[in-house]
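In what follows, a single structure is set out as structure tokens and then discussed.
The values are calculated or read from the model by the stated rules, or taken from the named source; none is laboratory data. In this text the structure is predicted, and so the values were computed from the model without any measurement. FYI the Cβ positions are ideal-geometry reconstructions off the backbone, even for glycines, and counts take in every protein chain you see.
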């Protein structure tokens, strides 16, 4: 505006000047007078222009001042707000993040909303969950721990996951919990049996102590024959007949099944590794080579807490007479067509077994048993009467007693809150039910007897791995399991006896190279032999010599030396 | 033209025109060979489609088979009932692929072009800079830490796009393509005609190297479309941005894990295995994954083939 005004004034001056020129040219007479007049006019105009300009400058100055004041005010306002926010943040709860294993969860919003409401006062933190699945947990857990990721506070660990409890505790990735248990763990101690606390007590990075909260689940192992009773009775036999004949005398029954059900029916549905353990009474040694075990301790089938046939000595499981007899018998069954060939191939073995189980197209199977499995949905859905016939009493070994634990990341910034949460989760039925079964009214309802009935659709979007969450004994009974299930569950596992070398974990670091080589050899032979797909007369000696060449003796000596040292303590 | 063609045809029939042409026997042998090769490529996919349409009982009874006992569209109806999760991850896959390809191709071209220009002073240094990372990588854990803690690539789309944006291999392809198809004379001519650097790149060079860009775009978009490892690493809490490949990969890895550890897990493994999606569902998802990229292929292919036959300076 002001600029325009100035230019208008200048234009006016110019016009006047031009007019003046014309006049000057035309009339020279009263020139002087006119010049004077014009001069005075220009003078006044100039003065006007200067005034306007001055006014404009003043206005601009005022505006700048106002802007400065406004900025100052805004700055003050912002500072005040930031202060307020900082105060608020101080009051706001820290977030703890927990990483589970084996979950099948796509929508946890309803559950987490309830959980956060519930734990706000009790724990003083907010919960976030990383729902690790079977396939990706190992990668995620190892990444989070080895990269010292502060965002993960609590992480699942156990004797068979990639972040293996004993070795990771030794390497210092887990926080030692003894002090926290002393301070906040009274409820936890009451809820979890002493034996499980002991099973978690190991030599870690910060000395002997507890490095993870051990979940109370099916902590004993019991291998059973999974019998299709409906079909067995149809063939004219009973479960007692099976028991009387034993593993080495089932030819007749299998032959009959084959005869009745046709040639494409496979009566013997083995999980080869489990069958081997069942027949030879061998058990897994914690710390042994991953999925193909090489070492065996031998159990006393009459009394699991007494020494077995070989005493407390670790053996190459493939070199024993028991193994030879087992492999020969399996080969006989396999040759006669009683075993599905798909079971002898690692890639198809599990799928084939699941498929046969789904429509009960088998007579005898193997199952590593957990109390109450016969009442679970997938067994009930098979459409036949299934009975699990045990080989031995349940026994507690190191592997099973470190089967599902929760450790606190040593890099965590909120270890106290994290521990408080773990303690509450494992001792408070409300929180455990919420985390495990979901929200009442959404994921499940209670029937007239107060038993849990799942809402299948909602449960499909929220099903964590029940045993991986923590203490399952404080969960309510489900309608499938029946009333009083948890009580009998507890009694069953409380009654389980420990093996003589309970607590021993083989530290395989001194023989790592041998173990890798042996694992490769075993992966090549073991499954086919266990399943009977190859002739043990030729393959077993080849396997044994390959094992020897890969350093079996050194591996065995190291393991036995460690076991002796452990037992001597 | 037609006259020439006819005379050529005549000569060919007479067998006197043998230049640039194989004999009938060789021709037939090549045809058979190529037919076999394309069958090898097509049959597995047809097999996948058949399995996707097989009923569960059929798979249980006779396993994977070209002639299933009974057919069913159950897998597809189930997939559609997966609803949100499926479509969301489908959308994510598309988004990541499109955004990633556009960004990555622009970056590659912009990096490769100066490296191709002989008059660029720091050519050697930048050449080395990109080439060096092909030989020496940081390793998984350091990369993970840098991406997650320093760059904040975690639980967001950027985490699935940024780590794959720049590939030295693609830069080298692009640079070589520029060197072989764009003669220095062309750039000089453009400069003489008064074209600035940007104008030369966008209006002169880019149209010439379209086939090269198409090749890079094809490589990059395939890489983005098939990527699942980044999701495994960087997606923890925000599963809403999971791409389709990871959805499928997760199912597969779950099944593999349970198969390997079933003897350790006992009942838990059996229970979890019962929850896993069926075989036909997995194959149905494979069909979902393959179809879009199979549709995109012909468009890229046009340029890739064109790239073999044209250049900017004739003679």
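Overview of values
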{"quantity": "Residue A:489, sole failed condition from (1) closer than 23 Å to residue A:194 by Cβ; (2) outside any helix (DSSP H, G or I)", "calculated": "(2)"}
{"quantity": "Every residue from segment B:272-286 that is within 7 Å of chain A (Cβ to nearest Cβ) and either surrounded by fewer than 22 Cβ atoms within 10 Å (Cβ to Cβ) or closer than 18 Å to residue B:79 by Cα (or both)", "calculated": "B:274, B:275"}
{"quantity": "Output for segment A:530-555, where each listed residue is within 18 Å of residue A:508 (Cβ to Cβ) and part of a helix (DSSP H, G or I)", "calculated": "A:547, A:552, A:553, A:554, A:555"}
{"quantity": "Any hit, segment A:312-321, residues being surrounded by 21 or more Cβ atoms within 10 Å (Cβ to Cβ), out of contact with any strand residue (DSSP E or B) (no Cβ under 6 Å at 6 or more places or on another chain) and part of a loop (DSSP other than H, G, I, E, B)", "calculated": "no"}
{"quantity": "Flag for residue A:147 being out of contact with any strand residue (DSSP E or B) (no Cβ under 9 Å at 6 or more places or on another chain), closer than 21 Å to residue A:98 by Cβ and buried (at least 23 other Cβ atoms within 10 Å of the Cβ)", "calculated": "no"}
{"quantity": "Single residue of A:457, A:480, A:448 found to be surrounded by 15 or more Cβ atoms within 10 Å (Cβ to Cβ) and more than 18 Å from residue A:102 (Cα to Cα)", "calculated": "A:480"}
{"quantity": "Residue check, residue A:395 within 30 Å of residue A:195 (Cβ to Cβ) and within 14 Å of another protein chain (Cβ to nearest Cβ)", "calculated": "yes"}
{"quantity": "Members of segment B:71-97 found to be within 21 Å of residue B:231 (Cα to Cα), assigned to a helix (DSSP H, G or I) and free of Cβ contacts under 8 Å to residues at least 60 places away in the same chain, listed by number", "calculated": "B:82, B:84, B:87, B:91"}
{"quantity": "Enumeration of residues in segment A:322-351 that are within 13 Å of residue A:267 (Cα to Cα), within 14 Å of chain B (Cβ to nearest Cβ) and in a helix (DSSP H, G or I)", "calculated": "A:341, A:343"}
{"quantity": "Breaking point among (1) assigned to a helix (DSSP H, G or I); (2) more than 10 Å from every other protein chain (Cβ to nearest Cβ), for residue B:227", "calculated": "(1)"}
{"quantity": "Members of segment A:262-280 that are more than 30 Å from residue B:60 (Cα to Cα) and surrounded by fewer than 21 Cβ atoms within 10 Å (Cβ to Cβ)", "calculated": "none"}
{"quantity": "Helices (runs of 4 or more DSSP H) wholly inside segment A:391-437 that include at least 1 residues being under 30 Å from residue A:305 (Cα atoms)", "calculated": "A:398-401, A:415-427"}
{"quantity": "Where residue A:442 falls short, out of the listed (1) under 25 Å from residue A:401 (Cα atoms); (2) surrounded by 15 or more Cβ atoms within 10 Å (Cβ to Cβ)", "calculated": "(1)"}
{"quantity": "From A:295, A:269, residue being under 30 Å from residue A:550 (Cβ atoms) and assigned by TED's automatic domain parsing to the domain that holds residue A:324", "calculated": "A:295"}
{"quantity": "Which listed residue, of A:152, A:213, A:129, is in a loop (DSSP other than H, G, I, E, B), touching a strand residue (DSSP E or B) at 6+ places or on another chain (Cβ under 7 Å) and surrounded by 16 or more Cβ atoms within 10 Å (Cβ to Cβ)", "calculated": "A:152"}
